[in-house]
Amino acid sequence: MSYLTTPDGVRLRVCDRGSGPAIVLVHGWKMSHRVFDHPIHRLQRDFRVVSYDLRGMGESDKPNCRYDFDEHSGDLAFLLEELGLEDVMLVGWSLGCSVSLRHLERGGGRVGRLVLVNGPIRLARTADDAFPWSMTEDVLDGYFSAIENEWPTQERGFTEESLHRSHPDLVDAIFRITQQTPLDVVLKVVREQVKLDFRAFLTQIDIPVLGLYGRHDPYYPVELAEWIAAQCPRGKHVIFEESAHYPFIEEKERFVEVLADFARRS
């Protein structure tokens, strides 16, 4: 099955490989399931690995809709139900963390474990609430303005900064994925993400939670992983010392080992 059509008529590109306990991978901003080629290839030997392109991104439909996280988490809930997935290990990376957390926050079921990879808990900070692992509104406004006025000229640089050791072929491959997302969707999604705040919700998550963060990530420092693990009742964290924002690419073998070990724990 390559596509699923949501109740509101949006076709979602789906990648479904392997058999066994289910792992669902949720990609980040401007990305697609293709960014997970390495973990999908390796994990399918022992697990059923499902990934999909968020609406507006990759090979999924790009309707004129809100692109808020009720829509995105609704798509995730639909996919889990439609594929009959139960007790899944849900793995969100970057913006995919927000999709995954919103799914759980809305009472979404079928998830037995949660893995958060290099993503925010609160993206924007305010003057009266200076959450240290977030960005000021001025910084975000400047970034959004640069995207709106100069897209996509800065995208290669953004990708290079996101890798601990960039390679031109890898940068090109990631850049090509980003260009599947239209500019209006790029901006709509992140402006909706700014509204989210999962700090209080972390303390209510009663399933095992694992934070995986790269030591050299320029956006989300490893201290955030430690904080997440401390907030969640059943939280743990692992740091990838040779990675930035893409540990599943830069330390692909260890990433798969850590995921598989977490999936098998009783």
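Could you tell me which of the residues I174, I205 is of a type outside the set (G, A, S), closer than 27 Å to E71 by Cβ and in a helix (DSSP H, G or I)?
Among I174, I205, only I174 is of a type outside the set (G, A, S), closer than 27 Å to E71 by Cβ and in a helix (DSSP H, G or I).
What single numbered condition from (1) charged (D, E, K, R); (2) more than 28 Å from D87 (Cβ to Cβ); (3) in contact with a Pro (Cβ under 9 Å, 6 or more places away or on another chain) fails to hold for K236?
(2)
Any residue at all in the stretch 158-165 that is part of a loop (DSSP other than H, G, I, E, B) and modelled with pLDDT under 95?
No - not one qualifying residue is present in the stretch 158-165.
L85 - would you say it is closer than 24 Å to K236 by Cβ, buried (at least 24 other Cβ atoms within 10 Å of the Cβ), modelled with pLDDT of 95 or more and among the hydrophobic types (A, V, I, L, M, F, W, C)? If you could, list the steps in order and put the result at the bottom.
Numbers: closer than 24 Å to K236 by Cβ: yes; buried (at least 24 other Cβ atoms within 10 Å of the Cβ): no; modelled with pLDDT of 95 or more: yes; among the hydrophobic types (A, V, I, L, M, F, W, C): yes.
Against the criterion (closer than 24 Å to K236 by Cβ, buried (at least 24 other Cβ atoms within 10 Å of the Cβ), modelled with pLDDT of 95 or more and among the hydrophobic types (A, V, I, L, M, F, W, C)), L85 does not qualify.
Is there a residue being buried (at least 19 other Cβ atoms within 10 Å of the Cβ), among the aliphatic types (A, V, I, L, M), modelled with pLDDT of 95 or more and within 17 Å of the chain's Cα centre (by Cα) anywhere in the stretch 100-108?
Within the stretch 100-108 (the criterion being buried (at least 19 other Cβ atoms within 10 Å of the Cβ), among the aliphatic types (A, V, I, L, M), modelled with pLDDT of 95 or more and within 17 Å of the chain's Cα centre (by Cα)), the answer is yes, since at least one residue qualifies.
Report the residue count in the stretch 183-202 for those that are in contact (Cβ under 8 Å) with a residue 60 or more places away in the chain, not in a loop (DSSP other than H, G, I, E, B) and not aromatic (F, W, Y).
So the answer is 10.
Do we find a residue being among the β-branched types (V, I, T) and more than 26 Å from D61 (Cα to Cα) anywhere in the stretch 184-203?
yes
Restricting to the stretch 227-244, count the residues that are farther than 22 Å from L25 by Cβ and either exposed (fewer than 15 other Cβ atoms within 10 Å of the Cβ) or small (G, A, S) (or both). First the steps, then the outcome.
Narrowing the stretch 227-244 to residues farther than 22 Å from L25 by Cβ: 227, 230-231, 233, 241.
Checking which are either exposed (fewer than 15 other Cβ atoms within 10 Å of the Cβ) or small (G, A, S) (or both) leaves us with 230, 233, 241.
Of the residues in that region, 3 qualify.
I'd like the full set of residues that are of a type in the set (S, T, Y) and more than 18 Å from the chain's Cα centre (by Cα), limited to the stretch 147-184. Lay out the reasoning, then the answer.
Initial filter on the stretch 147-184 (of a type in the set (S, T, Y)): 153, 159, 162, 166, 178, 181.
T153, S166 - these are the residues of the stretch 147-184 that are of a type in the set (S, T, Y) and more than 18 Å from the chain's Cα centre (by Cα).
Just for the stretch 211-266: of the residues that are of a type in the set (G, A, S) and touching a helix residue (DSSP H, G or I) at 6+ places or on another chain (Cβ under 8 Å), which one is farthest from S166 (Cα to Cα)?
Restricting attention to the stretch 211-266, the residues satisfying the condition of being of a type in the set (G, A, S) are 211, 214, 225, 229-230, 235, 243-244, 260, 263, 266.
Add one more test, that the residue is touching a helix residue (DSSP H, G or I) at 6+ places or on another chain (Cβ under 8 Å), and what stays is 211, 214, 235, 243-244, 260.
Details: G211: 23, G214: 14, G235: 31, S243: 11, A244: 10, A260: 26 Å.
The extreme case among them is G235.
Counting only residues that are touching an Asp or Glu at 6+ places or on another chain (Cβ under 9 Å) and surrounded by fewer than 16 Cβ atoms within 10 Å (Cβ to Cβ), which one in the stretch 130-165 is farthest from P247 (Cα to Cα)?
If we take residues in the stretch 130-165 being touching an Asp or Glu at 6+ places or on another chain (Cβ under 9 Å) and surrounded by fewer than 16 Cβ atoms within 10 Å (Cβ to Cβ), then P132 is farthest from P247 (Cα to Cα).
Hey, among P168, P132, which residue is modelled with pLDDT of 95 or more and not β-branched (V, I, T)?
On the way: P132 fails: modelled with pLDDT of 95 or more.
Sole residue among the options that is modelled with pLDDT of 95 or more and not β-branched (V, I, T): P168.
The values are calculated or read from the model by the stated rules, or taken from the named source; none is laboratory data. Everything numeric here is computed off the predicted structure, so don't read it as measured data. Note that we place each Cβ from the backbone using ideal geometry, even for glycine, and neighbour counts take in every protein chain shown.
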